[in-house]
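Undergrad: Structure incoming, see below.
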Amino acid sequence: MISSFDPDSLHPPRGHFIGGTYVADRAALALHRPADGAEFGALPVADAAMVDRAVTAGRAALAASGWASGVPRDRTRAMLKWADLIEAEAGTLARLEAVCSTRPVAQLPGGDVAVTAEQIRFFAEMADKEGGDLAPTRDASLGMIVDEPYGVVGAITPWNFPMSMAGWKLAPALAAGNAVVLKPSEMTPFSALYMAELSVRAGIPAGLVNVVLGDGPVTGNAITGHPGIGKVSFTGSTGAGQAIMGNIARTGVKPMTLELGGKSPQLVFDDADLDLAADCIARSITFNAGQACVAGSRVLVARGVADALAAKLIARMAGHRPGATWDAGAQYAPIISERQITRIDGIVQAAIAQGAEVLTGAARMDHPGWFYQPTLLTGVAADSPAVTEEIFGPVLTLEPFDDEEQAVAMADHPTYGLCAGIFTRDLSRALRVMRRIEAGTVWINRYGRSRDHILPTGGYKSSGIGKDLGRAAYHANRRQKTVLIDL
Ligand code: NAD
C-alpha cells in the first residue's frame, strides 16, 4: 500500500543523465503539475552538443564494457537485477511519476512499475535466445545471417505512461546489445531519469542508458538527425511522427519504429454481453482519463441494443471523482495540461453546437488542476472532429449501425488504424469482422492490452510503422549482416 505524499517535499534531479552521472544545464522549460496546475520548477533543453555528448557516452560505454560483444547472458543478468531494483524502488518511482504526470500514485506500484519491471525481464531473457541463422546454400559454401546491434539507439517517448513507455524502448534496445539515448516527454521526465540511475546501480555499464531532457523541436530533432544514432524508436502523436520521418529523410537514412495516434472503434453487436461490453468500453475511456493511444473512443452499436448499452455506459461513466495524483485515495486522472483540456472541451462544445446530444459529462470538473468529466455524445455529425480526430481525453461518441456491412464501413478510419474492439457471442462473426478491420490490434470480447509482453503492439496506416513489445521489438533493435564463405 502506498500513502499520500506532499508534492512540495519532492526535489527530483533536473539534469540530463549522461555517462552515469547527472549533467547540469540551464533551466529553460517550465514544468507543471496537472493535478493542481502549479508550476513545479523548470527543465533544461538539451541542444545538439548535449545530445552529441550523450551519443558519445553511449559509444564509449559500448566499447569499454563489451555489452554487445561479451557473453549475452551477462546482459540478461544485469537487466534482471535492474528489474528487481525497479520493483524494490516502486514507492520512489511512483512518487516521481505521480507528481507531474496524470497517473494517480495508488495505481503505480502494482500497475506501471510492475508492468515496466516485467517488460524488462521479458526482453532480458531474449538476449541469449534470439538471433542469427544459417542459410540453405549449396554445400560448397556457407551462408550466414549474422545478427548485430545498431550501436546507439535514439528513443523518444510521450507523457501518458512515462515509465512503461521508457521500458518499451530501453528494454529491447539494451537486451539486443545497444546503448540508448532516451528523451522522455518534457512534461514527465522524472521516472525515466530515476530508471536510468537504477540501471547503473544494477550493474548495467554507465553510459548505456542516457537520458536527455528537452522538447521535440530542439532535443528531439537533434536525436533523430544525429549521424551516430543508428535507429530511432518513437512513441507519440502522428504529427510528430511525420516530422521525425521528415527530419530523418533530410539528415540521412536510418530505420525507425513509430508508435503513433489512434481513433479506435469498438463494435457492439446485438448478441453481445452488454455488461461486459459496457465494462470494457467505459474502462477504456476513463482509465488515465482517456489519455491512451489505444482508447476505444468510437462506439458503434447495433441499433436494437443502442439504448440499453448507452444506459449501462452512463452508469459506469458517472461517479468518477477528481483527486490529486499524490492522494492515495485518488483514481481518476487529470488531463496533462491547460492547453490539452482547452482543446478537449473545444472539440466537445463544437460537436454539441453541430447537434450532438450529451448523454453524460461535457464539462470540466470542479477541482483545481485540469480534470474533465467522462463524456458520452451521440448524434455526432460524421465530419465533426469529435469523430474524426484523436481527442486524447475521456470522450466517447456512440453511433448506431443497422448491419455488419455498415458496422465495418463505419469502423474504418481514413488515416488511423491502431486498434479495434469487437463484442459478440458469434465466433464466426467476430473472426469475419476481425479480418476486415484495418488495425494493428483487434480485441474480441475484451478491450486493452494485457500483460502478455510477447504480444506485439503497433498501428496500421498513419498509426505507425513497426512494433513495440513482442519478439518484433527485439529484432527491430538488431540489423542483419549477410556472410557467404566459399569452402
Ligand atoms: P507528442 O507527439 O506531442 O510528443 C511525444 C514525444 O515526441 C515527446 O517527447 C515530444 O517532446 C517529442 N517530439 C515532439 N515533436 C518532435 C519532433 N519533431 N521530433 C522529435 N521529437 C518530437 O505526443 P504526446 O502528446 O506526448 O503523447 C500523446 C500521443 O502519443 C498521442 O497521439 C498518442 O496516441 C500517442 N501514443 C501512441 C502510443 C502507441 O503505442 N501507438 C502509445 C502512447 C502514446
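Undergrad: Condition test on Leu274, is it in contact (Cβ under 8 Å) with a residue 12 or more places away in the chain and within 16 Å of the ligand (Cβ to nearest atom)?
TA: no
Undergrad: Looking at (1) within 12 Å of Pro265 (Cα to Cα); (2) open to solvent by 10 Å² or more (accessible area, probe 1.4 Å), which is the one condition that is false for Arg451?
TA: Of the numbered conditions (1) within 12 Å of Pro265 (Cα to Cα); (2) open to solvent by 10 Å² or more (accessible area, probe 1.4 Å), the odd one out for Arg451 is (1).
Undergrad: May I pose another question? Based on what the data block shows, is Val442 within 16 Å of the ligand (Cβ to nearest atom) and assigned to a strand (DSSP E or B)?
TA: So Val442 fits the description; yes.
Undergrad: Scan the stretch 385-394 and give yes if some residue there is touching a residue at least 24 places away in the same chain (Cβ under 8 Å), small (Gly, Ala, Ser) and over 30 Å from Arg321 (Cβ atoms), otherwise no.
TA: no
Undergrad: Same structure again: Please find, within the stretch 192-209, the residue that is surrounded by the fewest Cβ atoms within 10 Å (Cβ to Cβ) out of those that are under 17 Å from Thr157 (Cα atoms) and more than 16 Å from the ligand (Cβ to nearest atom).
TA: Tyr194
Undergrad: On the given criteria, is Gly220 small (Gly, Ala, Ser), surrounded by fewer than 22 Cβ atoms within 10 Å (Cβ to Cβ) and either within 10 Å of the ligand (Cβ to nearest atom) or not assigned by TED's automatic domain parsing to the domain that holds Asp468 (or both)?
TA: In short, no.
Undergrad: Within the stretch 167-191, restricting attention to residues that are more than 24 Å from Asp147 (Cα to Cα) and of a type in the set (Gly, Ala, Ser), which residue is farthest from the ligand (Cβ to nearest atom)?
TA: Ser191
Undergrad: Any chance you could count how many residues in the stretch 177-198 are assigned to a loop (DSSP other than H, G, I, E, B) and small (Gly, Ala, Ser)?
TA: The number of residues fulfilling the criteria is 2.
Undergrad: If a residue must be in a loop (DSSP other than H, G, I, E, B) and among the basic types (Lys, Arg), how many such residues does the stretch 319-362 contain?
TA: 1
Undergrad: Does Ala38 satisfy the condition of being among the hydrophobic types (A, V, I, L, M, F, W, C) and within 24 Å of Ala171 (Cα to Cα)?
TA: The answer is no for Ala38.
Undergrad: Continuing with the same structure: Please specify each residue of the stretch 415-427 satisfying the condition of being part of a strand (DSSP E or B), touching a Ser or Thr at 6+ places or on another chain (Cβ under 9 Å) and open to solvent by less than 20 Å² (accessible area, probe 1.4 Å).
TA: Gly417, Cys419, Ala420, Gly421
Undergrad: Then there is this: Given the condition under 11 Å from Leu267 (Cα atoms), touching a helix residue (DSSP H, G or I) at 6+ places or on another chain (Cβ under 6 Å) and not hydrophobic (A, V, I, L, M, F, W, C), answer yes or no: does some residue in the stretch 425-445 qualify?
TA: no
Undergrad: Among what's in the stretch 66-98 and is hydrophobic (A, V, I, L, M, F, W, C) and in a loop (DSSP other than H, G, I, E, B), pick the residue that is most open to solvent (accessible area, probe 1.4 Å).
TA: Within the stretch 66-98, the match that is most open to solvent (accessible area, probe 1.4 Å) is Val71.
Undergrad: Which of the residues that make up the stretch 223-233 are over 23 Å from Gly66 (Cβ atoms) and open to solvent by less than 10 Å² (accessible area, probe 1.4 Å)?
TA: Ile223, Thr224, Val232, Ser233
Undergrad: State yes or no: is Ala289 under 20 Å from the mean Cα position of the chain (by Cα), within 20 Å of Arg449 (Cα to Cα) and aliphatic (A, V, I, L, M)?
TA: Here the answer is yes, as Ala289 does meet what is asked.
Undergrad: Would you confirm whether or not the stretch 185-198 contains a residue that is touching a Ser or Thr at 6+ places or on another chain (Cβ under 6 Å) and not polar (S, T, N, Q)?
TA: Looking for residues that are touching a Ser or Thr at 6+ places or on another chain (Cβ under 6 Å) and not polar (S, T, N, Q), one finds none in the stretch 185-198, hence no.
Table: residues versus (1) within 16 Å of the ligand (Cβ to nearest atom); (2) within 30 Å of Ala42 (Cβ to Cβ); (3) at pLDDT below 95.
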residue	(1), (2), (3)
Leu62	no, no, no
Ser69	no, no, no
Met79	no, no, no
Ala83	no, no, no
Gly111	yes, yes, no
Gln119	yes, no, no
Asp128	no, no, no
Gly154	yes, yes, no
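Undergrad: Same structure, new question: Go through Leu398, Leu309 for me and flag whichever is modelled with pLDDT of 95 or more and either in the same structural domain as Ala30 (by TED's automatic domain parsing) or assigned to a strand (DSSP E or B) (or both).
TA: Leu398
Undergrad: Also: Just the residues that are within 12 Å of Val348 (Cβ to Cβ) and either open to solvent by 10 Å² or more (accessible area, probe 1.4 Å) or among the aliphatic types (A, V, I, L, M) (or both), please, taken from the stretch 388-411.
TA: Glu389, Ile391, Val395, Leu396, listed by residue number.
Undergrad: I would also like to ask the following. Can you find a residue that is assigned by TED's automatic domain parsing to the domain that holds Ser428, within 16 Å of the ligand (Cβ to nearest atom) and open to solvent by 20 Å² or more (accessible area, probe 1.4 Å) anywhere in the stretch 284-291?
TA: The answer is yes; a qualifying residue exists.
Undergrad: Next up: Return the residue satisfying two criteria in turn: it lies in the stretch 449-486 and is of a type in the set (Lys, Arg) and part of a strand (DSSP E or B), and of such residues it is nearest to the ligand (Cβ to nearest atom).
TA: Ranking the qualifying residues of the stretch 449-486, first place goes to Lys461.
Undergrad: For Val294, which of the numbered conditions (1) under 16 Å from Pro162 (Cα atoms); (2) outside the structural domain of Pro400 (by TED's automatic domain parsing) fails to hold?
TA: (2)
Undergrad: Right, next: From Ala430, Ala386, grab the single residue that is outside any loop (DSSP other than H, G, I, E, B) and under 23 Å from Gln291 (Cα atoms).
TA: On inspection, the qualifying residue turns out to be Ala386.
The values are calculated or read from the model by the stated rules, or taken from the named source; none is laboratory data. Note that the coordinates shown come from a computational prediction; the quantities given were computed from them, not determined experimentally. No Cβ is skipped: glycine too gets one built from the backbone with ideal geometry, and neighbour counts run over all protein chains shown. We work out accessible area using only protein heavy atoms, side chains counted, and drop any ligands, DNA or RNA first. Shrake-Rupley method; radii C 1.70, N 1.55, O 1.52, S 1.80 Å.
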